[in-house]
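Before any comments, here is the structure.
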Amino acid sequence: MIRPDAPLLLEICDLHASVDDQPILHGVNLSIRAGEIHAVMGRNGSGKSTLSKVLAGHPAYRVSAGSVLYRGEDLLALDPEQRARRGVFLGFQYPVEIPGVSNLEFLRVATNARRLEQGHEELDTFAFEDLVRERLELVKMDPAFLERSVNEGFSGGEKKRNEILQMALLDPLVAILDETDSGLDIDALRIVAGGVNQLASPDNATLLITHYQRLLDVITPDYVHVMAAGRILRTGGKELALELEDRGYDWVDAELAALAQAPVEVG
Amino acid sequence: MTTAAVGDLVSQPYKYGFVTDIETEKIAKGLSEDVVRLISSKKDEPAFLLDFRLRAYRNWLLMKEPDWAALGYPKIDYQNIIYYAAPKQREKKASLDEVDPKLLETFDKLGIPLSEQKRLSNVAVDAVFDSVSIATTYREKLAEHGVIFCSISEAVKDHPELIERYLGTVVPSNDNYFAALNAAVFSDGSFVFIPKGVDCPMELSTYFRINSGDTGQFERTLIVAEEGASVSYLEGCTAPMFDTNQLHAAVVELVVLDDASIKYSTVQNWYAGDENGVGGIYNFVTKRGQCRGARSRISWTQVETGSAITWKYPSCVLQGADSVGEFYSVALTNNCQQADTGTKMIHVGPRTRSTIVSKGISAGRSSNSYRGLVQVGPKAIGARNYSQCDSMLIGDRAAANTYPYIRSQQPDAAIEHEASTCRISADQLFYLQSRGIGFEEAVSMMVSGFCRDVFNQLPMEFAAEADKLLALKLEGSVG
Ligand SMILES: Nc1ncnc2c1ncn2[C@@H]1O[C@H](COP(=O)(O)OP(=O)(O)OP(=O)(O)O)[C@@H](O)[C@H]1O
Ligand SMILES: [Mg+2]
């Protein structure tokens, strides 16, 4: 839902970032207002996951230039845990397994950290059990997953559902979902997409990273961005995704070549 | 720098590194037969004990310092150590009110309140400061049940027959280099005697504090559980930070008769040296228990977090039929620490059973080795052992090794060994952090998950402590 007067949640400005001294992002610009759903598409290796990890604060990524404001505040100055507590959520493309740490305990600690920041009181084990059971419904997950270690031995699709469960518990203002649709079977895709739709509200925003139109058939984006070589090359409405489905990414090369010849070096 | 890279987090300084300024009586540096005699005469010991010491000393002179462990350290100069140091106060005090307030304050600061009103409820404490025991709490209450809990020096005076009967029967004075040294010069330690049929009504605990910089600590603990008796005992240790190394060579002996059980837990937090490996305690300890009786049981639980060098193998000799030995261990090394630790389970009697669960955590440039022996003798029909050795690596400069030895003379013995290695990755920590969980809590969640099987064995009051201790020790080590 586009409302020009809705508050700005995220303002990414000329963001440059590298990992292991390898520059990956070369000037990303993107603004997101409350209520909006953005889709980011682009070839493998174009920098989509890098962008999401920089936003979440992964320590391996170094920001060399540019800025990110989250609700007017310098996001990059915050530790990853502070970002999360204030409402930035990253659904990982590849959620890691954490043996020995109980999923239930993990979800409870995470939820309470966010609740404290929101000024709500912490939930004790019983109150939390009630909440988590209710949210499990949203992603149609078996409560048995709560008893296991975080993501350990989960199938690809189960890990993705666990990510959405976390999102449902943490009540984020900006949710970045990195290929949450990949690895899901058809029913699971519908369930997960339904969950995302239910959680979307006029107060929060969603940034979907995806390769597939089938997700955007269920979650209608307000904006579609195409990423290439570490920057956003083109932005359009939902029809841009359909166009991509049709034409693929060959046109990207021509545009990148044109950019490279432009008098001002972008990177 | 936008986010605090995990490796940049400042390491928490060692909390217990202070020195108590108290007048100490020390003897001159060096070791000789005269020194052994001097220690014995200072303690006014009976002849049998002086003999025990002298035999040990003569043996020690002929022995060679062991070099088979995966440990590297400069040669120890045994003539450069003080073998006896005691805070100056006339006699051991009958009541705590008479104990030097500086000593009480020291133990308060260590979180071990000795004064009546603040005592840990239901835990009796023997507090050992340098070479001597300064106070033992709840003695009268324990005496009502026939339980003896006092310093070993007092036991020598008050119960010489028990000491003569049991001392050195589990760890003979010539058992190994460090045990022989201990037998020659041991100064104090705890003595526990649980008479027939008594289930000790409270948790017993000894707290060892090294204070002097140039003094070795050689304590000796003896615990006897008669038929059907049972006790849970906990040992804790800390030391100030000095930039020289101090030697700690202790001996612990456990004797368990028919149907009796001893649960012995250790939370070892000696000073480990700084991040460059300067200073710290050299910890060479011999701990052994004998399940002499049928259906007897010994359970060792240890959480080893301190010391520059750890050389320690709490063992069980399973003589009685159907006796049970257990070893649960968490050994954590960080910075330049080195640990070579494990256990020996010696199956002698029929149907004896043993369980070994070892969790090694290595961070920094440290090295952490598990060394364990499972031995099954010809009469140990139906013996069973289960061993599980897991290593967790933090960072990429730490080392973990596992040396399991199995010697069986019983073809039908069931011996099972499992081992695993894992690593805390920056991505796992980031995952937890990206859900609002702070760095330290994230490390502590992962480490306590890894150690859960062992922590579950600790007495309740101490399990949470152990969790916190590990998190503290690991601060700044992941990155
Ligand atoms: N540690 C690293 N060192 C060098 N290059 C790296 C490193 N990590 C990532 N890259 C590179 O950065 C580029 C962007 O990777 P990123 O994961 O952001 O792509 P993506 O757009 O998410 O791709 P996909 O659609 O396949 O998920 C890739 O070329 C990748 O190989
Ligand atoms: Mg990606």
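Could you put B:ILE356, A:ILE191 in order of accessible surface area, largest first, with the 1.4 Å probe and the full protein assembly present? Display every interim value, and only then the final one.
On the way: B:ILE356 0, A:ILE191 45 Å².
Result, largest first: A:ILE191, B:ILE356.
Using a simple charge model, +1 on the beta-carbon of Lys and Arg, -1 on the beta-carbon of Asp and Glu, nothing else, what dipole does segment B:17-56 show about its Cα centre, in debye to the nearest 20?
Values: 7 positive and 8 negative charges, 37 e Å.
Dipole magnitude for segment B:17-56 comes out near 180 debye.
Ignoring everything except DSSP H segments at least 4 long, calculate the 222 nm mean residue ellipticity for chain A; use -39,500 (n - 2.57) per segment, divide by total residues, nearest 500. Numbers along the way, then the final one.
Values: 9 runs with 104 residues, N = 267.
Value at 222 nm, helices only, nearest 500: -12000 deg cm²/dmol.
Please work out the C-alpha center-to-center distance from segment B:382-410 to segment A:229-257 and express it in whole Å.
56
Taking only the alpha-carbon atoms of segment B:233-295, what semi-axes of the equivalent ellipsoid follow from 5 times the gyration tensor eigenvalues under a square root, in whole Å, largest first? Don't skip to the end; give the middle numbers.
Working: eigenvalues 220, 23, 10 Å².
Working through the eigenvalues yields semi-axes of 33, 11, 7 Å.
log10 I(q)/I(0), Debye, Cα-only segment B:271-335, no solvent, q = 0.24, 0.25, 0.27 Å⁻¹?
-0.94, -0.98, -1.07
Select from A:PRO7, A:ILE176, A:PRO59 the residue farthest towards the positive end of the dipole of chain A; place +1 on Cβ of Lys and Arg, -1 on Cβ of Asp and Glu, and compute about the Cα centre.
A:PRO7
For segment A:49-55, what does the Karplus curve 6.51 cos²θ - 1.76 cosθ + 1.60, with θ = phi - 60°, yield as ³J(HN,Hα) per residue in whole Hz, taken in order and with x for Gly and Pro?
3J(HN,Hα) across segment A:49-55, in whole Hz: 5, 4, 4, 5, 6, 5, 5.
Would you mind computing, in nm to one decimal, how far apart the modelled labels at B:ALA414 and B:HIS145 are, each placed 7 Å from Cα along Cα→Cβ?
3.4
Once each part is reduced to its C-alpha centroid, what is the distance from segment B:279-313 to segment A:88-106 in angstrom?
Cα centres, segment B:279-313 to segment A:88-106: 37 Å.
Take chain B, mark every one of the GluC sites (Glu not before Pro) that falls in a DSSP loop and has at most 12 other Cβ within 10 Å, then report the longest stretch left between them, sites excluded. If you can, show how the numbers build up before the last one.
Details: sites that count: B:GLU23, B:GLU91, B:GLU144.
Result, exposed sites excluded: B:145-479.
Could you give the longest part of chain A that holds none of the GluC sites (Glu not before Pro) found in DSSP loops with at most 12 neighbouring Cβ atoms within 10 Å? If you can, show how the numbers build up before the last one.
On the way: sites that count: A:GLU121, A:GLU265.
Result for the longest clean stretch: A:122-264.
Modelled label-to-label distance, B:TYR78 and B:LEU62, 7 Å Cα→beta-carbon offset: nm?
1.4
Charges only on Cβ, +1 for Lys and Arg, -1 for Asp and Glu: so what's the dipole of the protein assembly as shown about the Cα centre, in debye to the nearest 20?
Working: 74 positive and 101 negative charges, 370 e Å.
Using Cβ point charges on Lys, Arg, Asp and Glu, the protein assembly as shown gives about 1780 debye.
Average partner chain C-beta neighbours within 10 Å, per residue of A:56-62? Let's see the in-between values first.
Working: counts 5, 6, 7, 14, 4, 2, 3.
Partner Cβ neighbours, averaged per residue: 6.
What nm value, rounded to one decimal, do you get for the distance between A:TYR212 and A:TYR94 when each label is placed 7 Å out toward the C-beta?
Placing both labels 7 Å beyond Cα along the Cβ direction yields 1.9 nm.
Could you work out [θ]222 nm for chain B from helices alone, using -39500 (n - 2.57) per DSSP H run of at least four and dividing by all its residues? Round to the nearest 500 deg cm²/dmol.
Details: 10 runs with 103 residues, N = 479.
One gets -6500 deg cm²/dmol as the mean residue ellipticity at 222 nm.
Can you tell me how segment A:1-98 classifies by the Cα gyration tensor, rounded, prolate or oblate, using a/c under 1.5 as the rounded cut? Can you show the working numbers first?
Details: a/c = 1.41, a/b = 1.34, b/c = 1.06.
Rounded, because the longest to shortest axis ratio a/c is under 1.5.
Give me the inter-chain shielding for A:238-244: mean count of other chain Cβ atoms within 10 Å, whole number please.
On the way: counts 0, 0, 0, 0, 0, 0, 0.
Averaged over the peptide's residues, the number is 0.
Between 0 and 90 degrees, rounded to the nearest ten: what's the tilt of helix A:186-199 against the longest Cα principal axis of chain A?
90
Considering every pair of different Cα atoms, what Kirkwood radius, in Å, is found for segment B:224-354?
Working: mean 1/r = 0.0660 Å⁻¹.
Roughly 15.2 Å, rounded to one decimal.
Reported to two decimal places, what Rg/Rh ratio describes the protein assembly as shown when computed on Cα atoms with Rh from the Kirkwood expression?
Working: Rg = 31.4 Å, Rh = 29.0 Å.
Radius of gyration relative to Kirkwood radius: 1.08.
Take peptide A:77-86, look around each residue's Cβ out to 10 angstrom, count Cβ atoms belonging to other protein chains, and average those counts.
Numbers: counts 3, 2, 6, 15, 12, 4, 4, 6, 4, 1.
Partner-chain Cβ atoms within 10 Å, mean over residues of A:77-86: 6.
Leaving out ligands, DNA and RNA, calculate the buried accessible area for the pair B and A with a 1.4 Å probe, summed over both sides, in Å² to the nearest 100.
Looking at B and A, the buried total is near 2300 Å².
Distance check, please: which entries in B:LYS88/B:LYS312; B:LYS287/B:LYS468; B:LYS157/B:LYS468; B:LYS29/B:LYS263 exceed 28 angstrom between their Cα atoms? Walk me through the numbers on the way to the answer.
Details: B:LYS88/B:LYS312 32 Å; B:LYS287/B:LYS468 26 Å; B:LYS157/B:LYS468 40 Å; B:LYS29/B:LYS263 37 Å.
Violating the 28 Å limit, Cα to Cα: B:LYS88/B:LYS312; B:LYS157/B:LYS468; B:LYS29/B:LYS263.
Check B:TYR328: other-chain or 5+ apart residues with amide H under 5 Å from its amide H, H built from backbone geometry?
B:TRP300, B:THR301, B:GLN302, B:VAL357
Project the alpha carbons of segment B:181-234 onto their principal axes and report the range along each, largest first, in whole Å.
43, 22, 9
Could you give the length gained by full extension between A:GLU117 and A:ASP246, i.e. 0.36 nm per residue of separation minus their alpha carbon distance, to one decimal place? List each step's numbers first, then the result.
Numbers: separation 129, 0.36 × 129 = 46.44 nm, distance 4.48 nm.
In short, 42.0 nm is gained.
Given 0.36 nm per residue, what is the gain on full extension from B:SER41 to B:GLU161 after removing their alpha carbon distance, in nm? Spell out each step's value before the answer.
On the way: separation 120, 0.36 × 120 = 43.20 nm, distance 1.90 nm.
Working it through step by step, the gained length comes to 41.3 nm.
Share of segment A:111-267's accessible area from carbon and sulfur, percent, 1.4 Å?
On the way: 3690 of 7390 Å².
The computed percentage sits at 50.
Per residue, how much accessible area does segment B:151-298 have with a 1.4 Å probe, in Å²?
Details: 3560 Å² over 148 residues.
About 24 Å² of surface per residue is accessible.
The values are calculated or read from the model by the stated rules, or taken from the named source; none is laboratory data. Just so it is clear, the model here is predicted, and its values are computed rather than measured. Glycine also receives a Cβ, built like all others from the backbone with ideal geometry; neighbour counts cover every protein chain displayed. Areas reflect the complete protein model, heavy atoms only, side chains present, ligands, DNA and RNA absent. Shrake-Rupley method; radii C 1.70, N 1.55, O 1.52, S 1.80 Å.
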